[in-house]
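**Student:** Take this structure first; my questions come after.
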Amino acid sequence: MHRLLLAVPFLIGIAVLKGLTVEIDTFHGSDAAVYQLPTIELFRERLDFSDYPSAQTPLFHVVMTAWGKLVGFDLWKLRLLNVAISYGAVLALLRLLRRATPLAATPAFALTLAFALSPYFFGASFTLLTDNLAVLFALLALERIHAYSRTGSMAAFALACLWIAGAVLTRQSFLWLVLVAAFYLLRRRADGQVLAGAALLALALAPLAALVIEWNGLVPPGADPLSCGLCTDRPGFGRDVLTLRTVGFSLALLGAYAVVVLGPAAYRRLRLLRSPAGRMARGALASPAGQALVSFVRGDARRRLPVQRLVAIAAAGGAVLLLISPLEYIPIVPGRAGDAGYLWRISDALPTLLGSSLLFWVLVPLGAAAGALLVWRSGPSALPSVYLGAFLLAALPVGLVYQKYFDPFMLLAVALFARRGDFRTRGDYAGVALVCLGSVAYALSFA
């Protein structure tokens, strides 16, 4: 039933767009006509990967070209395949949450619906953008990586490498998946598995490596630097500088989503602790016997740092990050790249302090604290922790701080960090409902 319900938003989108015959005015939707469709038309004539208009690796365009040769190249038919891909990604997320987290069916469905409706995923479903095919491959890869981390099955790892190959051949920015896979491969410390797994990862990256050699960089030589997060002023060459703006912006999104989605459960727990029964429980846990029990349940040394101190240190680190790399909105103007996304627009409406909008002075420390708390709760070697760390590390060379590059992935991080206890009452779903309603309202604003 949940799988069928998740199809409803996509069916409504198809109907609203008159059978996909109308182009949706979504974020960066013009890329479909300027970069993606010309690349598909070029591949329709010949598969030449040496240079083409899009800045992304070519698998999306190859898939669309093959589909077009089967059913025709009418735009609505090409868009229909992207809707099916997006729906497949949603189903893959539902499976990932059910298998890789302790969430029950209902909260897993609720979080999946919130992801499906999020503007930078849902809007891209109805046009020709490469994002959601890469997301599909990434979700499939994460599920198999989790299976490998639990069982040590090399068959699961091999399938994960296949999905990683698909992701990086769709968008090269998904190389963070390699970091996640490598972490769990090395963690098992089995020489035979490490060698075999390294060979599988190398095989998965071989097609991308061949393209990099052909392009003499991470993007095709003809890629537009103004549309490419990995470009410099010399088309075809990767960035030679790193930036912390992407990390700060990602933490801001993480903080916003963590507070909205998990905030109701945290508020419920706070009220419970302040109740008479809660005060009694705290007194019992403060006793030597209670502390011994907590230490036994929590287990390892990573818990020894008091959580309050950890959160304070993380929040301070977020503030220092803003001092090092301020976040102030840079609008896009003809001939110059800038920032894009609704969070940037909101931040621009607020005053600036020490080079950063007041919005980011709230959200970045909040995101750093929330991330530290969630990692503390799940453990540094848990899938969501490793995923978050790998994504933030891979974001360092991305030159364009477009919200669509980061927004769905921070919502995904919050979903992976969620636990069964976060959704015990109906009120705990208020934050998820708010995300869904906000996304629908934002989508309607484009009508």
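**Student:** Under 5 Å between amide hydrogens, which residues at least 5 positions from SER54 or on another chain qualify, with H placed 1.01 Å from N in the peptide plane?
**Tutor:** THR39
**Student:** Based on the alpha carbons, how large is the Rg to Rh ratio for the stretch 68-134 when Rh follows Kirkwood?
**Tutor:** Reported Rg/Rh (Cα atoms, Kirkwood Rh): 1.08.
**Student:** Once every DSSP H run of n ≥ 4 in the chain is given -39500 (n - 2.57) and the sum is divided by its residues, what mean residue ellipticity at 222 nm do you get, rounded to the nearest 500 deg cm²/dmol?
**Tutor:** That comes out to -21000 deg cm²/dmol.
**Student:** Checking the cross-link filter: which aspartates and glutamates have an alpha carbon closer than 17 Å to that of LYS69, excluding same-chain neighbours under 8 positions apart?
**Tutor:** GLU41, GLU45, ASP48
**Student:** With axes computed from alpha carbons, what is the tilt in degrees of helix 358-378 against the longest principal axis of the chain, rounded to the nearest 10 within 0 to 90?
**Tutor:** For 358-378 against the chain, the angle is about 70 degrees.
**Student:** Karplus couplings for the stretch 202-209 from phi (6.51 cos²θ - 1.76 cosθ + 1.60, θ = phi - 60°), rounded to Hz, Gly and Pro as x?
**Tutor:** For the stretch 202-209, the Karplus curve yields 4, 5, 5, 8, 4, x, 5, 4 Hz.
**Student:** Calculate, in whole percent, how much of the Cα-Cα pair population of the stretch 95-207 lies beyond 16 Å. Don't skip to the answer; put the middle values down first.
**Tutor:** On the way: 3896 of 6328 pairs.
When every Cα pair of the stretch 95-207 is considered, 62 percent fall beyond 16 Å.
**Student:** Give the angle, between 0 and 90 degrees and rounded to the nearest 10, that separates the Cα long axis of helix 75-100 from the longest principal axis of the Cα atoms of the chain.
**Tutor:** 20
**Student:** Using a cut-off of 17 Å between alpha-carbon atoms, which aspartates and glutamates can reach LYS18, once sequence neighbours fewer than 8 places away in the same chain are excluded?
**Tutor:** Partners within reach: ASP74.
**Student:** Name the residue from LEU111, SER50, VAL16 whose Cα lies farthest towards the positive end of the charge dipole of the chain, charges +1 on Cβ of Lys and Arg and -1 on Cβ of Asp and Glu.
**Tutor:** Working it through, the farthest residue towards the positive pole turns out to be LEU111.
**Student:** Quick one: which residues, 5 or more positions from ALA223 or on another chain, have an amide H under 5 Å from its amide H? H modelled 1.01 Å from N in the peptide plane, none for Pro or chain starts.
**Tutor:** For ALA223, the qualifying residues are GLY236.
**Student:** Still on this structure, please answer the following. Only four residue types carry charge here, +1 at the Cβ of Lys and Arg and -1 at the Cβ of Asp and Glu. Report the dipole size of the stretch 27-176 about the Cα centre in Debye, rounded to the nearest 20.
**Tutor:** Approximately 560 debye in magnitude.
**Student:** Taking amide H positions as placed 1.01 Å from N in the peptide plane, with prolines and chain starts having none, which residues 5 or more places from LEU353, or on another chain, fall under 5 Å of its amide H?
**Tutor:** For LEU353, the qualifying residues are LEU358.
**Student:** Choose one answer from ALA196, ALA138, ALA110: the residue with the largest mean-square fluctuation in a GNM of the chain with alpha-carbon springs under 10 Å.
**Tutor:** The residue with the greatest mean-square fluctuation here is ALA196.
**Student:** Here's another thing I want to ask about it. Running Debye on the chain with equal point scatterers at the Cα sites and no solvent, what base-10 log of I(q)/I(0) appears at q = 0.09 Å⁻¹?
**Tutor:** Rounded to two decimals, the profile gives -0.60.
**Student:** Assuming R0 = 45 Å, can you tell me the calculated FRET efficiency for the pair ARG189 and LEU270, based on Cβ-Cβ distance, to the nearest 0.05?
**Tutor:** For ARG189 and LEU270, the calculated efficiency is 0.65.
**Student:** Fully extended, how many nm does the chain gain between ARG424 and GLN308 (0.36 nm per residue separation, minus their Cα-Cα distance)?
**Tutor:** Length difference between fully extended and current span is 39.3 nm.
**Student:** Over the chain, what percent of the accessible surface lies on carbon and sulfur atoms, probe 1.4 Å?
**Tutor:** Roughly 67 percent of what the probe reaches on the chain is carbon or sulfur.
**Student:** Label ALA316 and LEU354 with points 7 Å out from Cα along Cα→Cβ: what is the distance between them in nm?
**Tutor:** 1.3
**Student:** Pairing the Cα long axis of helix 430-444 with the longest principal axis of the chain, what angle in degrees results, from 0 to 90 and rounded to the nearest 10?
**Tutor:** 20
**Student:** Can you work out the accessible area per residue across the chain, with the rest of the protein chains kept in place, probe 1.4 Å, in square angstrom?
**Tutor:** Working: 19960 Å² over 447 residues.
Counting only protein heavy atoms, the per-residue value for the chain is 45 Å².
**Student:** Specify the residue with the greatest mean-square fluctuation among ARG420, ARG377, ARG144, computed from a Gaussian network of the chain linking alpha-carbon atoms under 10 Å apart.
**Tutor:** Ranking ARG420, ARG377, ARG144 by mean-square fluctuation puts ARG420 first.
The values are calculated or read from the model by the stated rules, or taken from the named source; none is laboratory data. Here the structure is a predicted model, which is why all the values come from computation and not from measurement. FYI the Cβ positions are ideal-geometry reconstructions off the backbone, even for glycines, and counts take in every protein chain you see. Just so you know, the surface numbers come from the protein's heavy atoms only, side chains and all, with ligands and any DNA or RNA stripped out. Shrake-Rupley method; radii C 1.70, N 1.55, O 1.52, S 1.80 Å.
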